[in-house]
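Single-structure report; data block below.
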Amino acid sequence: MAYLKDYFKSVKNGYKVKNHIVYYVLGSVFAILLVLVMTDSLDRITSSLLGRIGYTMIAAISLSLVVGFLGELSLGHAAFMALGAFIGGYMQQYTFASLTSASPLLSIIIAMLIGGTVAAIFGFIVGLPALRLKGDYLAIVTLAFCEIVKVIFQNSKKFGNGNVLETYKYDRGHLLLICLIVLFIALAVIMNLIKSKHGRAIMAIRDNEIAARAMGVNVTYYKLMVFVLSSFFAGIAGVLFANASGGVKCDNFSYDYSIDILVMVVLGGMGSIKGSMIAAALITYLDTKLPIWLNLEGNWVALPQMLYALILILIVIYTNAPKLKGIREKYNIHNGMVKVKGWIFRLFARGKYQHKPDAEHDYRADWSKVPTKIEMDAILSTDFTPDNTYVPDKPDKPKGGKN
């Protein structure tokens, strides 16, 4: 009991509101959506869009763990979502169909655990040899894994044989709440991992793998741990995808989808969980609404993807160009937030810290009696004239030589 009391006391003393703002925001959104779902105030299109944003956020923050914090480029995230969607959706619809019809909530929980575990196992199998590679080579291997998974499901009769695999379609409103709960859990796990000693080891590997290895960090262990954890949450996002759509096909999880999730991570900021969530919500919303607003049809439907690719290229150029270093240092979010905080402080603290002569106090102290080691008169009377009486000895003549 004493240990628990000290633990909660330390947590209370170290608690800061600014470090938990994202939890308050998610909690507020969950409460609002709970009321809307209970009162049946959400229409079908809005609830479907919000559910899609929810599981896309889970996929984005799980990839951000690999790309942003570990510093490894992975293009196979859609494959892990496909494993979760096909395996979890198949088991819900066919393996324990009676449980699904009797208790859909318990069914989706079991499906998420199974789908996430299968994705994590394949993440370990792929990551063990692939994480020895770096940069473009790792990206190529993960991209190849994504295509292999796609081809296997396309040629499997049990999983639709290239056609749509029918899955259980969960109620949109309740699925939205489940997505938010899972997002909250994933966010808590990832944020606590990043802020722990393990998170510092992971970021040390990202900054300098050789230095981290020299300091005793088990690089292979942490790389595999991050890759497996990311794959687990990607598999869960795939199960939610299957329950939201009511059917999955291999084209849903091509390498284009991996690129879309990577764009969300990069646009949100490398190593920023909150930024990845905001970018995932914004891009998912634009993907749904832009074709309707611009009345895009046929090949023009791919126009938003081209815009995202162009924005991604510009961001890479901006963050890496040496000639833009001065602009990056002068105009960034951190400096902007400092200026905003300064404006807010001056606005609300006006007159609070102004100079008030009436409030001044005259402290009558006799500074002449301050004790010193040396009297001031002695210091002022010291003669600092240099003494030039010292004459250095001349060097000895070398023996057997000539001057």
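The values are calculated or read from the model by the stated rules, or taken from the named source; none is laboratory data. Everything numeric in this text was worked out from a predicted model, so none of it was measured. Because the Cβ atoms are built from the backbone with ideal geometry, glycine has one as well, and the counts that use them run over all protein chains shown. For the accessible areas, the whole protein counts, side chains as well, though only heavy atoms, and no ligand, DNA or RNA atoms are used. Shrake-Rupley method; radii C 1.70, N 1.55, O 1.52, S 1.80 Å.
Some points to look at:
- Across the protein chains, with a 1.4 Å probe defining accessible surface, the residues Met215, Met306 rank Met215, Met306 from largest area downward.
- The mean sequence distance of close C-alpha pairs (under 8 Å, at least 6 residues apart), as a share of the length of region 96-242, puts its relative contact order at 43 percent.
- Extension gain from Leu113 to Val22, taking 0.36 nm per residue of separation minus the Cα-Cα distance: 30.2 nm
- Distance between the pseudo-spin-label points of Thr220 and Asn161 (7 Å out from Cα toward the beta carbon): 4.4 nm.
- Surface exposure of region 173-320, expressed per residue as accessible area with a 1.4 Å probe, stands at 48 Å².
- Taking every protein chain into account, the 1.4 Å probe leaves His174 with about 90 Å² of accessible area, to the nearest ten.
- Each Lys or Arg adds one and each Asp or Glu subtracts one; over the other residues with Cβ under 11 Å from the Cβ of Pro104, this totals 0.
- Highest mean packing comes first when the peptides 265-272, 62-69, 146-153, 93-100 are listed by Cβ atoms within 10 Å, giving 62-69, 265-272, 146-153, 93-100.
- The stretch between Ile315 and Val35 holds 96.9 nm of extra length on full extension. This uses 0.36 nm per residue minus the Cα-Cα distance.
- Cβ charges +1 (Lys, Arg) and -1 (Asp, Glu), total dipole of region 189-340, debye: 800 debye
- Applying 1/(1 + (r/R0)^6) with r as the Cβ-Cβ distance of Leu105 and Arg200 and R0 = 35 angstrom yields a FRET efficiency of 0.40.
- Approximate spin-label separation Ile185-Leu324, in nm, with each point projected 7 Å along Cα-to-Cβ: 4.0 nm
- Measuring between alpha carbons in the structure, the pairs from Lys150/Lys223; Lys169/Lys195; Lys5/Lys339; Lys195/Lys330 lying more than 31 angstrom apart are Lys169/Lys195; Lys5/Lys339.
- Each residue of region 169-186 was assigned a 3J(HN,Hα) from its phi angle through the Karplus expression (A = 6.51, B = -1.76, C = 1.60, θ = phi - 60°), giving 9, 6, 4, 4, x, 5, 5, 4, 5, 5, 4, 5, 5, 5, 4, 4, 5, 4 Hz with x at Gly and Pro.
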